[in-house]
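Engineer: Sending over a structure as structure tokens; questions will come in a sec.
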Amino acid sequence: MNKKFAIATLALGLLISGCASKPSGTDAAPQSPSAEYVVPEPADLTGTWTQSNSMGDDSYQEAVIDNDIITINWVMNNGDTKSLYWVGSFEAPVNATEPYTWTSKRDKKATENAMMASGSDTKEFTFTENEISYEASILGTTSIVRLANKSADDKNPRSGTDRGFLFGGPYRDRTDDIHGVNVTLYQLS
């Protein structure tokens, strides 16, 4: 019995030492992981962003992010007409994690007299895959507005096939002809 125990111990010892030795013909030093790890930079969202899912090429939303402010306008008539929709706070991302979400607080003083401005106190924005998105509601209908960085794509970003169902421009609730003057009523949030 001692003979069997001695053979088993010897076999186990050879097995362990064989696994621990380096393979023959490899005298190279073990490779250490690369000392250079580049931390991804957070996205720079400053600049002009244009709606990529509008219903028409001549009516869309356009945002400008500058420092800690985001300003969004309705743009109509091929850019000849702009109406203020949102002015609020902007919090730049501090790391490269996506999606990045921030809650913008509306600048009430800047928007109080803007007829087409949102009446919401806050608006949540999300940045992911080079796109900023947010919800916009008009008369109980909510749609997601998607913005592409205008400077990153000098081509017309609204020429894609991903069209929104509502936000090709301001929603016209009702148009009345009052004493020869066309009046359009809006309700925005």
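The values are calculated or read from the model by the stated rules, or taken from the named source; none is laboratory data. The structure displayed is predicted, hence computed values, not measured ones. Cβ: placed from backbone, ideal geometry, glycine included. Neighbour counts: every protein chain shown. Just so you know, the surface numbers come from the protein's heavy atoms only, side chains and all, with ligands and any DNA or RNA stripped out. Shrake-Rupley method; radii C 1.70, N 1.55, O 1.52, S 1.80 Å.
Engineer: Mind listing the long-range amide H neighbours of MET55? Cut-off is under 5 Å, sequence gap 5 or more, other chains count too, H placed in the peptide plane at 1.01 Å from N.
Structural biologist: The answer is GLY164, PHE167, GLY168, GLY169.
Engineer: By how many nm would the segment from ASP66 to ASP121 grow when fully extended, if each residue of separation counts as 0.36 nm and the alpha-carbon distance is taken off?
Structural biologist: Working: separation 55, 0.36 × 55 = 19.80 nm, distance 2.00 nm.
Gain in length upon complete extension: 17.8 nm.
Engineer: Okay, next question. Dividing the convex hull volume of the Cα atoms of the range 47-104 by its residue count, what figure in Å³ per residue is obtained? Mind dumping the intermediate values first?
Structural biologist: Values: hull volume 5.5 nm³, N = 58.
Value for the range 47-104: 94 Å³ per residue.
Engineer: Just the accessible area for GLU41, please: 1.4 Å probe, Å², rounded to the nearest 10?
Structural biologist: Approximately 150 Å² of GLU41 is accessible to the 1.4 Å probe.
Engineer: Another question about this same structure. Tell me, rounded to the nearest percent, the portion of alpha carbon pairs in the range 96-154 spaced more than 19 Å apart. Kindly include the intermediate steps, with their values, before the conclusion.
Structural biologist: Working: 729 of 1711 pairs.
I get 43 percent for the Cα pairs in the range 96-154 exceeding 19 Å.
Engineer: Output wanted: per-residue J couplings in Hz (rounded whole) for the range 100-108, from phi through Karplus 6.51 cos²θ - 1.76 cosθ + 1.60, θ = phi - 60°, x for Gly and Pro.
Structural biologist: 9, 10, 9, 9, 8, 9, 5, 7, 4
Engineer: Return the FRET efficiency for the residue pair GLU36, ASN130: r is the Cβ-Cβ distance, R0 is 30 Å, and the value is rounded to the nearest 0.05. Could you put the intermediate results ahead of the total?
Structural biologist: Working: r = 26 Å, r/R0 = 0.87.
For R0 = 30 Å, the calculated efficiency reads 0.70.
Engineer: Give me the accessible area of VAL64, 1.4 Å probe, in Å² rounded to the nearest 10.
Structural biologist: Result for VAL64: roughly 60 Å² accessible.
Engineer: Here's a follow-up. Give, as a single signed number, the net charge of other residues whose beta carbon lies under 14 Å from the beta carbon of THR126, with Lys and Arg counted +1 and Asp and Glu -1. Can you show the working numbers first?
Structural biologist: Details: positive: LYS123, ARG146; negative: GLU91, GLU98, GLU124, GLU129, GLU131, GLU135.
Every neighbour counted, the sum reads -4.
Engineer: Could you give each residue of the range 129-146 its phi-based ³J(HN,Hα) in whole Hz, using Karplus coefficients 6.51, -1.76, 1.60 with θ = phi - 60°, and x for Gly or Pro?
Structural biologist: Those phi angles translate into 6, 6, 9, 9, 9, 6, 8, 10, 10, 9, 6, x, 9, 10, 9, 9, 8, 10 Hz.
Engineer: Probe radius 1.4 Å, ligands and nucleic acids left out: which of ILE138, ILE144 has the largest accessible area, and how do the rest follow?
Structural biologist: Numbers: ILE138 5, ILE144 75 Å².
From most accessible down to least: ILE144, ILE138.
Engineer: Separate question: Using R₀ = 25 Å, calculate the FRET efficiency as 1/(1 + (r/R₀)^6) where r is the Cβ-Cβ separation of ASP44 and ILE144; round to 0.05. Don't jump to the answer; show the numbers that get you there.
Structural biologist: Numbers: r = 23 Å, r/R0 = 0.92.
The value I calculate is 0.60.
Engineer: Under the 0.36 nm per residue contour assumption, what length would be gained going from the current alpha-carbon distance of ASP107 and ASP58 to full extension? List each step's numbers first, then the result.
Structural biologist: Details: separation 49, 0.36 × 49 = 17.64 nm, distance 2.72 nm.
Taking 0.36 nm per residue and subtracting the Cα distance, the gain is 14.9 nm.
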